[in-house]
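Student: Pasting a structure here, questions to come.
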Amino acid sequence: MMSIINKLEKHERLSYEDGLKLYELDLFTLGHFADLRRKSLWGKKVYFNINRHINPTNICKDICKFCAFSANRKNPNPYKYTKQEVLKIAENACNRGIKEVHIVSAHNKEYDLYWYIDIFKEIKARFPNLHIKALTAAEVHFLSTLHNASYDEILDKMIESGVDSMPGGGAEIFNEKVRSYICKGKVDSKNWLKIHELWHKKGKFSNATMLFGHVEERKDRIDHMLRLRDIQDKTGGFNAFIPLVYQRDNNYLKVDKFLGSQEILKTVAVSRLILDNIPHIKAYWATATLNLAMVAQEFGADDLDGTIEKEAIQSAGGAKSADGQDLKDFLDIIITSGFTPVQRDSLYNELKIYGESDCAVC
Ligand code: V47
């Protein structure tokens, strides 16, 4: 254990073996080093944005075992939004000061590249200041197969039609054996990484997620982080890493054991220390709960994601996130925890720094 502590004290880059050793440290020692790293980068700031999720349909050609969002036997409520409905949501969002729409969907051939191009162009034309974060690498792969087009072509069309950044979804777990068990048929790991690398090389930014707490092991999480770190060394295009805690309801993956808060906090801390080149670590409140996401800010995380407003993917799996989060609650919990809330845009430019006077319960 001494050598890992030495490495942490000297800020040395950590290996796969080191990653496994980090998990063996007691929670508070690990948290201490992750917190030091976080503080050296961001002090006491907690970042969030004011955003709106839009999921145009839940009818999907793929069946990922962990997914409760897609319409199937466990979720027999298929829906399809029209372009007008999506535009109306974007308009309402914009009128209420929302800065980002996060548009991701199921893999459905009725929602092809042309459908998306139209909707992105229309949103940009009507609301030029609204940041469009859209289409996961899994969707890019789906559209590339559907249209027999290269990834480059799909990504160029996204940029031409107004997409500003790509979300980190669809990464799940890169280990091929686990991936093929939980989401066979989805974009493979190599191509998920390739799509993000291509996107970054076009001068664009994206995020990266990791779904954990199901059948994967600690070693798979470390492997996942290291594959991201390798791409980031080449491109510098990942803004944030988002460890998503698996939600167990209404899906086909049989997982009886809940991961537990300590393992969740350890995973956040490990990600901060392994991913020495990704600036932000998001504790995604929709999967971790707001309280634990707030504690995670002392274990390496510096971001809570956003107010979200309507959340459909994790809430289908049992998370209490369907109606998003009030800005007021965000501010209160951040300030009473001794941190400084910072509203950011989607690329982490700071828009507003809040103070004690913004706290309703102080
Ligand atoms: O890739 C699906 C996950 C992801 C479950 O980039 C589940 O800023 C937990 O990627 N339990 C989509 N997670 C959401 C996503 C995301 C969310 C917030 C911010 C950003 C960003 C990206 O949701 C999927 C999948 O890994 N997911 N089912 C479940 N049962």
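Student: Picking from 97, 43, which residue would you name as being under 20 Å from residue 345 (Cβ atoms), open to solvent by 20 Å² or more (accessible area, probe 1.4 Å) and at pLDDT below 95?
Tutor: 97
Student: Answer with yes or no whether residue 193 is surrounded by 18 or more Cβ atoms within 10 Å (Cβ to Cβ), closer than 24 Å to residue 314 by Cα and away from the ligand (no atom under 14 Å from the Cβ).
Tutor: For residue 193, the condition - surrounded by 18 or more Cβ atoms within 10 Å (Cβ to Cβ), closer than 24 Å to residue 314 by Cα and away from the ligand (no atom under 14 Å from the Cβ) - is met.
Student: Please find, among 162, 203, 170, the residue that is without any contact (Cβ under 8 Å) to a residue 60 or more places away in the chain, crowded, with 22+ Cβ neighbours inside 10 Å and not β-branched (Val, Ile, Thr).
Tutor: 170
Student: Same structure, new question: Select from region 271-315 the residues that are open to solvent by 20 Å² or more (accessible area, probe 1.4 Å) and part of a helix (DSSP H, G or I) and write down the one among them that is farthest from the ligand (Cβ to nearest atom).
Tutor: So the residue we want is 298.
Student: Further question: Considering only region 242-252, I want to know if a residue exists there that is open to solvent by 40 Å² or more (accessible area, probe 1.4 Å), more than 10 Å from the ligand (Cβ to nearest atom) and within 16 Å of the chain's Cα centre (by Cα).
Tutor: no
Student: Name every residue in region 253-262 that is crowded, with 16+ Cβ neighbours inside 10 Å and not in a loop (DSSP other than H, G, I, E, B), in order of residue number.
Tutor: Result: 261, single match.
Student: Restricting to region 128-159, what's the tally of residues that are over 27 Å from residue 252 (Cα atoms), assigned to a helix (DSSP H, G or I) and in contact (Cβ under 8 Å) with a residue 12 or more places away in the chain?
Tutor: Going through region 128-159 one residue at a time, the tally reaches 8.
Student: Do we find that residue 109 is open to solvent by 70 Å² or more (accessible area, probe 1.4 Å), touching a residue at least 12 places away in the same chain (Cβ under 8 Å) and of a type outside the set (Phe, Trp, Tyr) in this structure?
Tutor: So residue 109 fits the description; yes.
The values are calculated or read from the model by the stated rules, or taken from the named source; none is laboratory data. Just so it is clear, the structure is predicted and the values come from calculations on it, not from any experiment. Please note: Cβ atoms are built from the backbone with ideal geometry, for glycine as well, and neighbour counts cover all protein chains shown. When the accessible area is computed, the model is the full protein with side chains, heavy atoms only, and any ligands, DNA or RNA have been set aside. Shrake-Rupley method; radii C 1.70, N 1.55, O 1.52, S 1.80 Å.
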